[in-house]
Amino acid sequence: MNNTEVEQVGRDVIDLSNNIEVSPFIAELLNQPEVYQELKELLELEDVGEFKGRFESSYKHSLDTAKIAEVVYDNYLVGNSAERFEKIDKETLVKAALLHDIGKDRIPLDILVKEGKLTPSEITKVRAHSVNGAKKIQAIANQPDFEGDREKMWIISEVVKRHHFYSEGYPDMGELWEHPDEEKRALIEEVSKVLSVIDIFDALRSQRSYSKEPASASVVREILLNKIPGEEELVEFLISNFIKEK
Ligand SMILES: [Fe+2]
Ligand SMILES: [Fe+2]
(Lines give C-alpha, C1' and ligand atoms only; values in the text may rest on other atoms or scores of the structure.)
(Ligands and ions follow the chains in the order given, each with its own letter.)
Protein backbone atom coordinates (compact mmCIF):
# COMPACT_ATOMS: atom_id res chain seq x y z
CA MET A 1 0.00 0.00 0.00
CA ASN A 2 1.49 3.35 -0.94
CA ASN A 3 1.15 6.48 1.18
CA THR A 4 -1.74 7.95 -0.76
CA GLU A 5 -3.70 4.72 -0.44
CA VAL A 6 -2.97 4.57 3.27
CA GLU A 7 -4.18 8.15 3.70
CA GLN A 8 -7.32 7.32 1.78
CA VAL A 9 -8.17 4.22 3.80
CA GLY A 10 -7.60 6.15 7.01
CA ARG A 11 -10.11 8.71 5.84
CA ASP A 12 -12.51 5.91 4.89
CA VAL A 13 -12.35 4.58 8.43
CA ILE A 14 -13.25 7.98 9.76
CA ASP A 15 -16.02 8.39 7.19
CA LEU A 16 -17.44 4.97 8.00
CA SER A 17 -17.58 5.79 11.66
CA ASN A 18 -20.44 8.26 11.37
CA ASN A 19 -17.88 11.00 11.37
CA ILE A 20 -16.63 10.38 14.86
CA GLU A 21 -14.14 13.18 15.13
CA VAL A 22 -10.60 12.20 15.90
CA SER A 23 -7.45 14.19 16.56
CA PRO A 24 -4.65 14.39 13.98
CA PHE A 25 -2.63 12.03 16.18
CA ILE A 26 -5.35 9.35 16.12
CA ALA A 27 -6.01 9.95 12.42
CA GLU A 28 -2.36 9.21 11.79
CA LEU A 29 -2.59 5.96 13.73
CA LEU A 30 -5.71 5.05 11.74
CA ASN A 31 -3.63 5.53 8.63
CA GLN A 32 -1.30 2.75 9.67
CA PRO A 33 -2.39 -0.20 7.50
CA GLU A 34 -2.64 -2.68 10.38
CA VAL A 35 -4.77 -0.36 12.50
CA TYR A 36 -7.01 0.48 9.58
CA GLN A 37 -7.45 -3.18 8.64
CA GLU A 38 -8.27 -4.38 12.16
CA LEU A 39 -10.75 -1.61 12.92
CA LYS A 40 -12.41 -2.11 9.56
CA GLU A 41 -12.95 -5.77 10.49
CA LEU A 42 -14.57 -4.74 13.77
CA LEU A 43 -16.77 -2.31 11.91
CA GLU A 44 -17.79 -4.92 9.33
CA LEU A 45 -18.67 -7.34 12.09
CA GLU A 46 -21.09 -4.79 13.45
CA ASP A 47 -22.55 -4.11 10.05
CA VAL A 48 -23.88 -7.67 9.92
CA GLY A 49 -27.60 -7.27 10.39
CA GLU A 50 -28.93 -5.15 13.19
CA PHE A 51 -26.10 -5.09 15.64
CA LYS A 52 -27.70 -4.55 18.99
CA GLY A 53 -26.01 -6.70 21.54
CA ARG A 54 -24.29 -6.41 24.86
CA PHE A 55 -21.18 -5.24 23.04
CA GLU A 56 -22.90 -2.74 20.84
CA SER A 57 -20.35 -0.93 18.77
CA SER A 58 -16.98 -2.22 19.85
CA TYR A 59 -15.78 -0.10 16.96
CA LYS A 60 -17.04 3.14 18.49
CA HIS A 61 -15.83 2.00 21.89
CA SER A 62 -12.33 1.46 20.44
CA LEU A 63 -12.21 4.98 19.01
CA ASP A 64 -13.66 6.50 22.18
CA THR A 65 -11.17 4.62 24.33
CA ALA A 66 -8.34 5.94 22.16
CA LYS A 67 -9.68 9.48 22.40
CA ILE A 68 -9.86 9.30 26.18
CA ALA A 69 -6.39 7.73 26.27
CA GLU A 70 -4.98 10.68 24.34
CA VAL A 71 -6.58 13.19 26.71
CA VAL A 72 -5.24 11.21 29.67
CA TYR A 73 -1.74 11.28 28.20
CA ASP A 74 -1.77 14.95 27.17
CA ASN A 75 -3.62 16.41 30.14
CA TYR A 76 -3.14 14.05 33.04
CA LEU A 77 0.07 12.05 32.69
CA VAL A 78 2.10 15.00 31.47
CA GLY A 79 1.27 17.30 34.37
CA ASN A 80 0.08 15.16 37.24
CA SER A 81 1.88 11.90 37.16
CA ALA A 82 5.51 12.41 36.26
CA GLU A 83 6.64 8.95 37.32
CA ARG A 84 4.05 7.29 35.14
CA PHE A 85 4.60 9.73 32.32
CA GLU A 86 8.24 8.67 32.13
CA LYS A 87 7.29 5.03 31.74
CA ILE A 88 4.56 5.45 29.12
CA ASP A 89 4.86 6.55 25.52
CA LYS A 90 1.87 8.10 23.82
CA GLU A 91 1.77 5.96 20.70
CA THR A 92 1.88 2.71 22.68
CA LEU A 93 -1.00 3.85 24.90
CA VAL A 94 -3.26 5.23 22.16
CA LYS A 95 -2.56 2.48 19.64
CA ALA A 96 -3.18 -0.18 22.30
CA ALA A 97 -6.48 1.59 23.02
CA LEU A 98 -7.47 1.43 19.35
CA LEU A 99 -6.57 -2.26 19.12
CA HIS A 100 -7.47 -3.58 22.56
CA ASP A 101 -10.74 -5.29 21.58
CA ILE A 102 -9.89 -6.51 18.06
CA GLY A 103 -10.06 -10.12 19.31
CA LYS A 104 -13.82 -9.66 19.55
CA ASP A 105 -14.13 -10.44 15.86
CA ARG A 106 -13.61 -14.10 16.78
CA ILE A 107 -16.57 -14.18 19.14
CA PRO A 108 -19.53 -15.80 17.34
CA LEU A 109 -22.12 -13.19 16.39
CA ASP A 110 -24.93 -15.02 18.20
CA ILE A 111 -23.02 -14.51 21.46
CA LEU A 112 -22.30 -10.86 20.71
CA VAL A 113 -25.95 -10.07 20.15
CA LYS A 114 -27.41 -12.38 22.78
CA GLU A 115 -29.77 -10.77 25.24
CA GLY A 116 -29.66 -12.05 28.79
CA LYS A 117 -27.19 -14.26 30.63
CA LEU A 118 -24.34 -16.01 28.88
CA THR A 119 -23.58 -19.67 29.55
CA PRO A 120 -20.16 -20.58 31.04
CA SER A 121 -18.87 -21.75 27.64
CA GLU A 122 -20.06 -18.52 26.01
CA ILE A 123 -18.29 -16.53 28.72
CA THR A 124 -15.08 -18.44 27.97
CA LYS A 125 -15.38 -17.50 24.30
CA VAL A 126 -15.91 -13.84 25.16
CA ARG A 127 -12.96 -13.82 27.56
CA ALA A 128 -10.70 -15.25 24.87
CA HIS A 129 -10.88 -11.90 23.05
CA SER A 130 -7.94 -10.46 24.98
CA VAL A 131 -5.61 -13.34 24.09
CA ASN A 132 -6.97 -13.60 20.54
CA GLY A 133 -6.39 -9.88 20.05
CA ALA A 134 -2.81 -10.25 21.28
CA LYS A 135 -2.21 -13.17 18.91
CA LYS A 136 -3.54 -11.15 15.97
CA ILE A 137 -1.18 -8.28 16.78
CA GLN A 138 1.80 -10.64 17.08
CA ALA A 139 0.88 -12.27 13.77
CA ILE A 140 0.81 -8.84 12.07
CA ALA A 141 4.21 -7.94 13.54
CA ASN A 142 5.67 -11.27 12.38
CA GLN A 143 4.67 -10.80 8.76
CA PRO A 144 7.85 -10.52 6.67
CA ASP A 145 6.57 -7.41 4.88
CA PHE A 146 5.44 -5.60 8.04
CA GLU A 147 6.87 -2.11 7.83
CA GLY A 148 5.94 -0.75 11.25
CA ASP A 149 7.73 -0.92 14.57
CA ARG A 150 7.82 -4.63 15.46
CA GLU A 151 8.89 -4.15 19.05
CA LYS A 152 6.12 -1.64 19.71
CA MET A 153 3.61 -4.11 18.28
CA TRP A 154 4.95 -6.80 20.57
CA ILE A 155 4.56 -4.49 23.57
CA ILE A 156 1.04 -3.57 22.46
CA SER A 157 0.17 -7.25 22.11
CA GLU A 158 1.25 -7.78 25.72
CA VAL A 159 -0.93 -4.85 26.83
CA VAL A 160 -3.91 -6.16 24.86
CA LYS A 161 -3.46 -9.58 26.42
CA ARG A 162 -3.72 -7.93 29.86
CA HIS A 163 -6.44 -5.39 29.40
CA HIS A 164 -8.78 -7.41 31.63
CA PHE A 165 -6.10 -8.26 34.20
CA TYR A 166 -8.35 -7.07 37.05
CA SER A 167 -10.91 -9.81 36.38
CA GLU A 168 -10.46 -13.45 37.22
CA GLY A 169 -11.02 -16.07 34.58
CA TYR A 170 -9.09 -14.54 31.70
CA PRO A 171 -6.51 -16.90 30.20
CA ASP A 172 -2.77 -16.62 29.68
CA MET A 173 -1.58 -13.61 31.60
CA GLY A 174 1.35 -15.06 33.43
CA GLU A 175 4.42 -14.41 31.33
CA LEU A 176 4.73 -10.63 31.69
CA TRP A 177 6.83 -10.68 34.80
CA GLU A 178 9.43 -12.91 33.17
CA HIS A 179 10.36 -10.34 30.53
CA PRO A 180 14.03 -9.56 31.21
CA ASP A 181 13.92 -5.84 30.32
CA GLU A 182 12.79 -3.85 33.33
CA GLU A 183 11.80 -0.77 31.34
CA LYS A 184 9.65 -2.81 28.96
CA ARG A 185 8.04 -4.56 31.89
CA ALA A 186 7.21 -1.22 33.49
CA LEU A 187 5.84 0.14 30.20
CA ILE A 188 3.59 -2.89 29.67
CA GLU A 189 2.43 -2.86 33.27
CA GLU A 190 1.63 0.87 33.36
CA VAL A 191 -0.08 1.02 29.95
CA SER A 192 -2.13 -2.10 30.83
CA LYS A 193 -3.32 -0.46 34.03
CA VAL A 194 -4.13 2.95 32.57
CA LEU A 195 -5.86 1.38 29.57
CA SER A 196 -7.89 -0.96 31.77
CA VAL A 197 -9.18 1.97 33.82
CA ILE A 198 -10.11 3.89 30.65
CA ASP A 199 -11.71 0.78 29.10
CA ILE A 200 -14.04 0.19 32.05
CA PHE A 201 -14.68 3.91 32.34
CA ASP A 202 -15.84 4.16 28.72
CA ALA A 203 -18.09 1.11 29.12
CA LEU A 204 -19.70 2.65 32.19
CA ARG A 205 -20.15 6.18 30.89
CA SER A 206 -21.67 4.95 27.60
CA GLN A 207 -24.78 2.87 27.32
CA ARG A 208 -23.16 -0.14 25.84
CA SER A 209 -22.66 -2.77 28.43
CA TYR A 210 -23.06 -2.99 32.17
CA SER A 211 -26.33 -1.06 32.30
CA LYS A 212 -28.81 0.58 29.98
CA GLU A 213 -28.20 4.05 31.35
CA PRO A 214 -24.79 5.69 31.62
CA ALA A 215 -23.56 5.29 35.17
CA SER A 216 -23.42 8.28 37.51
CA ALA A 217 -20.11 9.65 38.76
CA SER A 218 -20.49 7.97 42.15
CA VAL A 219 -21.24 4.57 40.58
CA VAL A 220 -18.31 4.92 38.18
CA ARG A 221 -16.03 5.81 41.10
CA GLU A 222 -17.15 2.87 43.18
CA ILE A 223 -16.91 0.26 40.41
CA LEU A 224 -13.55 1.44 39.09
CA LEU A 225 -11.85 1.71 42.46
CA ASN A 226 -13.22 -1.65 43.48
CA LYS A 227 -11.85 -3.30 40.34
CA ILE A 228 -8.55 -1.46 40.14
CA PRO A 229 -7.56 -0.12 43.57
CA GLY A 230 -5.04 2.71 43.85
CA GLU A 231 -6.22 4.64 40.78
CA GLU A 232 -8.09 7.40 42.63
CA GLU A 233 -6.33 10.27 40.83
CA LEU A 234 -6.87 8.90 37.36
CA VAL A 235 -10.49 8.02 38.13
CA GLU A 236 -11.17 11.56 39.41
CA PHE A 237 -9.52 13.01 36.31
CA LEU A 238 -11.77 10.91 34.06
CA ILE A 239 -14.92 11.78 36.01
CA SER A 240 -14.22 15.50 36.06
CA ASN A 241 -13.38 15.59 32.36
CA PHE A 242 -15.99 13.26 30.92
CA ILE A 243 -18.97 13.07 33.28
CA LYS A 244 -21.20 15.93 34.29
CA GLU A 245 -21.58 15.42 38.03
CA LYS A 246 -25.05 16.18 39.28
FE1 LIG B 1 -11.95 -6.13 26.24
FE1 LIG C 1 -12.92 -2.60 25.69
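The values are calculated or read from the model by the stated rules, or taken from the named source; none is laboratory data. Just so it is clear, the structure is predicted and the values come from calculations on it, not from any experiment. Every residue, glycine as well, gets a Cβ built from its backbone with ideal geometry; the counts of neighbours run over all protein chains shown.
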When segment 71-105 is checked residue by residue, the ones that are within 16 Å of ligand 2 (Cβ to nearest atom) and either among the hydrophobic types (A, V, I, L, M, F, W, C) or modelled with pLDDT of 90 or more (or both) are V72, L93, V94, K95, A96, A97, L98, L99, H100, D101, I102, G103
Check whether at least one residue in segment 125-148 is modelled with pLDDT of 90 or more and of a type in the set (F, W, Y), and report yes or no.
-> yes
Positions within segment 213-232 being of a type in the set (D, E, K, R) and in a helix (DSSP H, G or I), in sequence order | R221, E222, K227, E232
Picked from segment 71-112 (must be β-branched (V, I, T) and assigned to a helix (DSSP H, G or I)), the residue nearest to ligand 1 (Cβ to nearest atom) is I102
